[in-house]
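Nothing in this text is a laboratory measurement; each read-out follows from the coordinates by a stated rule. What you see is a predicted model, and the numbers here were worked out from it, not measured in a lab. Note that we place each Cβ from the backbone using ideal geometry, even for glycine, and neighbour counts take in every protein chain shown.
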Amino acid sequence: MLDGFDPTVEGKHLYDLRPLVPADDTLKEDVICIIRNGEGPTALLCGGIHGDEYEPQVILRQLIDEIAVEDVRGRLIIIPTINPPASQRGSRVSTIDGQNMNRSFPGNAEGTGTERLSAFLHDVVFPLTDLLVDVHSGGGDYFVVPMIFGFTGPECGVDEAGLDRIMDGWGYPIVQYVEGIASTSAGASPLVGVASVEIEGGGGRAVKSSELAIMREGILRGLHAYGVLATGPGGMSRPPIRVAVSAENNHAAPSEGLIEHRVDLHDRVEAGDLLAVLHPAAGRTGAALEIRANGPGIVLRQRARFFVGKGELICGTGNLRM
Ligand SMILES: [Zn+2]
């Protein structure tokens with residue numbers, strides 16, 4: 001457990017996460033911050049579960065500085081970087097055990113470094129929480145449009161209609177509907193009574209100020225709409241585009257190769273439209289493979305690197321919901 005950890009005290013308190021990762025004694029300090037101001041719901045902002053997704057980590061660390069105790073109604077928990085052994089080494093997955101933390105839930109308090117961090121979130125922090133906000137971005141491998149999706153369950157204090165209101169309150173351009181995965185943070189929390197939203201945006205190895213601004217405003221607007229922050233930025237006037245995503249929306253590489261994208265993020269496509277061509281990475285011919293859309297939709301996610309391995313995602317789309 002963390003030194004002096006007491007999530008019930010009023011005020012703003014920070015606790016060092018390093019005792020959770022005894023396998024690596026070279027880590028610099030990363031923290032969990034708890035801001036409590038009277039009675040009210042508890043929201044948990046969590047970033048860096050994928051270590052190389054830095055937009056959330058930059059924003060959440062700034063919010064620890066900026067959000068004052070009197071701005072909060074209830075309790076706000078901020079963990080800028082829940083996966084220090086990945087984040088501090090520029091890696092998506094843990095450098096201790098090679099595990100993808102977002103496939104390691106519910107975790108194991110006696111397990112590997114990644115499993116211990118997951119178990120802390122699942123066993124210690126989720127029981128304090130009413131709404132999990134799991135913040136992701138494209139990281140090193142993808143460009144992603146700003147979008148939000150969420151999950152709830154019978155034990156959660158937020159029903160489906162309430163979840164839609166929370167997601168609409170974010171003011172993001174795209175709300176996505178997708179099946180939850182129980183080994184992810186946002187998929188595991190509803191199983192223990194904690195509704196969740198996951199937000200995406202940015203990526204491609206560089207942090208862009210325009211994408212930081214969208215993510216930051218969305219977080220502040222969403223937390224205000226939920227009631228944990230007393231004030232927030234104004235809402236966006238346009239209603240979000242709602243999309244459904246299933247396996248057929250993932251257009252993967254049939255072989256390894258070099259991607260040339262033929263569409264941009266947010267583009268509308270029809271079935272059969274050319275999404276990308278895949279150039280050979282070696283050999284005597286330059287003949288390229290065509291990657292065509294499985295169905296109509298909107299482009300949500302694109303691989304950011306030129307080289308792609310067999311089976312890796314090239315382009316992800318979403319089907320418009322009427
Ligand atoms: Zn991620």
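Taking amide H positions as placed 1.01 Å from N in the peptide plane, with prolines and chain starts having none, which residues 5 or more places from Gly202, or on another chain, fall under 5 Å of its amide H? Amide H to amide H, under 5 Å and 5 or more residues apart or across chains, Gly202 pairs with Gly138, Val144.
Ranking request for peptides 18-30, 39-51: highest mean number of other beta-carbon atoms within 10 Å first, then the rest in descending order. Kindly include the intermediate steps, with their values, before the conclusion.
Working: 18-30: 14.2, 39-51: 23.2.
Sorting 18-30, 39-51 by mean packing, highest first, produces 39-51, 18-30.
Take the Cα of Ala182, go 7 Å toward its beta carbon, and the backbone nitrogen atoms of the stretch 103-136 under 11 Å from that spot belong to 106.
Dividing the C-alpha radius of gyration of the stretch 1-49 by 2.2 N^0.38 Å, with N its residue count, gives 1.30.
Around Ser196, what is the net charge, scoring Lys/Arg as +1 and Asp/Glu as -1 over all other residues with Cβ under 12 Å from its Cβ?
Working: positive: none; negative: Asp130, Asp134, Glu198.
Local charge sum for Ser196: -3.
Its residues counted as N, the chain yields a C-alpha radius of gyration over 2.2 N^0.38 Å of 1.01. Please identify the helices of the chain, taking whole runs of DSSP H, that span at least 20 Å along their own axis as judged from the Cα atoms and have a mean Kyte-Doolittle score of -1.0 or higher. Qualifying helices, which must be both long enough and hydrophobic enough, are 209-226.
Take the Cβ-Cβ distance between Arg284 and Arg103 as r, set R0 to 35 Å, and report the resulting FRET efficiency rounded to the nearest 0.05. Write out the running numbers ahead of the final one.
Details: r = 39 Å, r/R0 = 1.13.
My answer for the efficiency is 0.35.
With helices as the sole contributors, the chain gives -5000 deg cm²/dmol at 222 nm; each DSSP H run of n ≥ 4 counts as -39500 (n - 2.57), and the sum is divided by every residue. Hey, which aspartates and glutamates would be in cross-link range of Lys310, C-alpha to C-alpha under 18 Å, not counting anything within fewer than 8 residues on its own chain? Lys310 reaches Asp141, Glu248, Glu256, Glu260, Glu290. Distant-in-sequence amide contacts of Gly150, defined by a placed amide H-H separation under 5 Å and a gap of 5 or more residues or a different chain, comprise Val178, Glu198. The alpha-carbon of Lys12 sits under 27 angstrom from the alpha-carbons of these lysines, leaving out residues fewer than 8 places away in its chain: Lys28. Across every pair of non-identical alpha carbons in the stretch 246-320, the mean reciprocal distance, once inverted, gives a Kirkwood radius of 12.2 Å.
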